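As C-alpha cells, the structure follows; a few thoughts come after it.
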Amino acid sequence: MIAAFHVTPTFYLVLAAALFSIGAIGLLVRRNVLVMFMCIELMLNAVNLTFVAFAKALNDIGGQVLVFFTLVVAAAEVAVGLAIIVAIFRRRREATADDLRVLEG
Amino acid sequence: MRPPISTPSVDWLAISPELALAAAGVVIVMLRALLRRRPLATPLCAVVAISGTVAAGAVEYRLWHVIRHHHAITTVAGMVRVDLFGVFLGVVVLAATILAILLSVAYLHREQLEAPEYLALVLLSAAGMLAMTTANDLIVVFLALEVLSIPLYVLAAFDRRRLSSQEAGIKYFVLGSFSSAIFLYGVALCYGATGTTSLTGIADFLSRNTLLDQGTLLAGIAMLLVGLGFKVAAVPFHMWTPDVYQGAPTPVTSFMSAATKAAGFAALLRVFGVAFPLYRSDWRPAVWALAVLSLVVGSVAAVIQTDVKRILAYSSIAHAGYVLIGFQAGTSRGREAALLYLFVYAFMTIGAFAVITVAARRGDDHHSLDDYRGLALERPVVGGLLIFFVLAQAGVPLTGGFIAKLEVFSAAAQANQYGLLIIGVLASVVAAFFYLRIAYTLLTPGAEAPKPVAALRRVDVWSAVVLLACAALVLVVGVVPGAFVHWAKDATFLL
C-alpha cells in the first residue's frame, strides 16, 4: 500500500501554498517587526518552492533559474529591511508595529 | 568539449537610459567614497545626477524618433521591449526624477541631510522604474519592481532624526515587500499555467491553447493585480499611502507619487494589455471595482484630513482611480487617456509637493492646514502656485487636470462604461470640496499674528525652476492640449 503513494509535484504546490498562507497570515497578525520580516521571507521561499515544483512538472529549466533571481532580491530586501529596523531600534528599545503610531490621522 | 555559452544579443541603445541612470548612481557612490566630506562632494554629485538623467532623457528622445520611423525594439532575448509606450512613460519618469533631484538640493541643505547617497538612491530607483516601463517578461517586471522599491524604502526613512520618517520607511518596507511577494506568487502561478513568463509568450500560448484548469491562471492574474495595485496605491491596497507620504521627506514624496505611479501603471497596462487580452472579461470587473473604490475612498477620506500632505496622499489615491478608469476601458483610447493622465498628474503633484517643500519650516513636520493659513496672503507667488496646483488637480478648466479628466471620461463613455463615468464625475465633485478647502485656507488670514509656516525665506533658484516648470507644463497642457494628446495617442499605437 505504501508503494502506491507517489509524491507528485502537486504535493509541493500545496505545501508551498500552505507556507505562503502561513507567511501572509503571520504578517497580518503578528506585531513584532522582526517576526513580520521573517514572514515575508517565508512567503518568498514558498514562491521559490512553487517555481521549482512547476519547473519539475513542466519539465522546463526556466522555473529553476527564476529561483536565483528571487534569492538575490530576498537578500537585498533583508539588507535594507534590517538596516531600517536597526535604525529604529537605536531610537527606541523595542520595535513592534503598535509602537509605530506617530503617523495616524 | 562543450559548446560555448551563447548569450542573447543586446541592443545597447535601447537599454541605455537605464544604464545611464545606474552608471550615474554608481559614480556618485564612488565619488562619495573618494571625496568623503569635502564641501565639493555634494554639488559635484548633484551635477553627476542631473547629467545622468539628462543623458537618459536625450536617449529617450532619440529612441522615440527611431521607433516612430521604424519599429519597436525587442532585445535581450525578448526580455525588454522598447516601444513608444515605454518611451512615453520613461520620459514621465525621467521628468519626475530630474524635478525631484532639483527640489532635493536645497531641501537636503536646509534639513542638514546632505548626503550624496540620497541622489544615488533616487537614480537607482529611477533606473528600476525605466526598466519597468519596457519590461516584456514577468520576471523583469518583478526585478524592476524591486529595484525601484528597495531604494524608495531607504529614501522614505532617510531623515534619521525624525521618527515619522523612520516609521514611514518601515511601513513602506513591510507592506511593499508583502505586495512584492504576492506579485511574485502571481508570476509563479502564471508560469505554472502557461509554462513561460514572457508576456508575448503567455499571449501566444493562451491564443493557441485552451486551459483545462483556469483556476491557476486566474489566481495568478488576481495576484499580479494585487501586487501592482499596491504600487499604484489603489484601494483596497492603499493603507500605506497616507502614512508614507506624510512621513517621508517631502521631495521623496513628490518623486514617489509621480514616478512610482507612472511605473506601476506602465506594468499594469503592459502586463494586462499584452499578456492577458483574452481574459479581459475576467479582469475588467476587478479593475472596475478597484477604480470605484479608489475614487470613492480617496475623495471622501481626503475631506476629513487636516494634514496637507495626507490630503494630497488621499488625492493621489483618487487620481489612481481616474487612471484605472482609462485602464478599465481596455481600449487604445482608454490607454491613451491613462497615459495623458499620468503625464499631467506627474507635474501637478510634483508642483504641489514642491510648494510644500519650500513653504515648510525646518524639520518638515508641520503640515497641518492651520500651519498653511494665510500663506497666499503673505507669500502671494508661492501660495498662489499651490492654489493653482490644487485647482489643476481638481480639474478646473484651462489646466492640464481638466484635459486629463476629460480624456478619461470620454474614454469611459466610448467603452460604454457610463456607471464608471458617473461615479468619476461625482467623485471629482466631492474632491473639489477639499481642494477648495486648501485654497480657502491659504487665502484666509490666520487668527493670530505669528506666521507658522512661512518664515519668509527666499525660494532658492532650483526650487523656483521646479515650480515654474511644473506650472508652465500644467498650464500648457490645459490651454493647447493638441500636441500632448497626439503623443499619448502615438504611444498607445504599437502596444
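The values are calculated or read from the model by the stated rules, or taken from the named source; none is laboratory data. Fair warning: this is a prediction, and the values are worked out from it, not measured in the lab. Every residue, glycine among them, receives a Cβ derived from its backbone with ideal geometry; neighbour counts consider all protein chains shown. Accessible surface is based on the protein model in full, side chains and every heavy atom, while ligands, DNA and RNA are left aside. Shrake-Rupley method; radii C 1.70, N 1.55, O 1.52, S 1.80 Å.
Filtering the range B:1-32 to residues that are surrounded by 10 or more Cβ atoms within 10 Å (Cβ to Cβ) and among the small types (Gly, Ala, Ser) leaves B:Ala14, B:Ser16, B:Ala20, B:Ala22, B:Ala23, B:Ala24, B:Gly25. The residue that is nearest to the other protein chains (Cβ to nearest Cβ), among those in the range B:272-314 that are open to solvent by 10 Å² or more (accessible area, probe 1.4 Å) and basic (Lys, Arg), is B:Arg310. Scanning the range A:37-52 for residues that are open to solvent by less than 30 Å² (accessible area, probe 1.4 Å) and within 10 Å of the chain's Cα centre (by Cα) yields A:Phe37, A:Cys39, A:Ile40, A:Met43, A:Leu44, A:Ala46, A:Val47, A:Asn48. In the set B:Ser368, B:Ser332, only one residue is within 27 Å of B:Phe276 (Cβ to Cβ) and either at pLDDT below 90 or touching a Cys at 6+ places or on another chain (Cβ under 6 Å) (or both); that residue is B:Ser332. Only a single criterion out of (1) more than 25 Å from B:Lys489 (Cβ to Cβ); (2) in contact with a Phe, Trp or Tyr (Cβ under 9 Å, 6 or more places away or on another chain) is not satisfied by B:Arg361, namely (2). Note on the range A:1-33: residues that are touching a Leu at 6+ places or on another chain (Cβ under 9 Å), open to solvent by 60 Å² or more (accessible area, probe 1.4 Å) and either of a type in the set (A, V, I, L, M) or in a loop (DSSP other than H, G, I, E, B) (or both) total 2.
Among the residues of the range B:96-129, those that are touching a Gly at 6+ places or on another chain (Cβ under 8 Å) and of a type in the set (Gly, Ala, Ser) comprise B:Ala120, B:Ala127.
Could you tell me whether any residue of the range A:83-98 is open to solvent by 40 Å² or more (accessible area, probe 1.4 Å), at the interface with another protein chain (Cβ under 10 Å from one of its Cβ atoms) and at pLDDT 90 or above? Yes. Name the residue that is modelled with the lowest pLDDT, counting only residues in the range B:109-118 that are open to solvent by 10 Å² or more (accessible area, probe 1.4 Å) and within 19 Å of B:Ile28 (Cα to Cα). Out of the qualifying residues, it is B:Glu114. Restricting B:Ala491, B:Ala472 to residues that are over 19 Å from B:Lys309 (Cα atoms), modelled with pLDDT under 90 and open to solvent by less than 90 Å² (accessible area, probe 1.4 Å) narrows the list to B:Ala491. A residue that is open to solvent by less than 30 Å² (accessible area, probe 1.4 Å) and not in a helix (DSSP H, G or I) cannot be found anywhere in the range B:55-70.
Taking the range B:195-233 as the range and being on the phi > 0 side of the Ramachandran plot and open to solvent by less than 20 Å² (accessible area, probe 1.4 Å) as the test, only B:Ala233 passes. Selection over the range B:34-54 of residues that are small (Gly, Ala, Ser) and open to solvent by 50 Å² or more (accessible area, probe 1.4 Å) gives a count of 1. For the range B:358-402, the tally of residues that are in contact with a Leu (Cβ under 6 Å, 6 or more places away or on another chain) and free of Cβ contacts under 8 Å to residues at least 40 places away in the same chain stands at 0. The set of residues in the range B:160-170 being more than 7 Å from every other protein chain (Cβ to nearest Cβ) and crowded, with 24+ Cβ neighbours inside 10 Å consists of B:Ser165 alone. Just one residue in the set B:Val390, B:Val382 is over 25 Å from B:Trp487 (Cβ atoms), β-branched (Val, Ile, Thr), at pLDDT below 90 and buried (at least 19 other Cβ atoms within 10 Å of the Cβ); that residue is B:Val382. Counting the residues of the range B:79-130 that are outside any helix (DSSP H, G or I) and over 30 Å from B:His69 (Cβ atoms) gives 5. Considering only residues in the range B:181-203 that are over 16 Å from A:Leu49 (Cα atoms) and under 30 Å from the mean Cα position of the chain (by Cα), the one that is farthest from the other protein chains (Cβ to nearest Cβ) turns out to be B:Ala203. Scanning the range B:133-159 for residues that are open to solvent by less than 10 Å² (accessible area, probe 1.4 Å) and in a loop (DSSP other than H, G, I, E, B), we see that the one that is farthest from the other protein chains (Cβ to nearest Cβ) is B:Asn136. Looking at the range B:249-267, can you tell me whether even one residue there is aliphatic (A, V, I, L, M) and open to solvent by 10 Å² or more (accessible area, probe 1.4 Å)? No.
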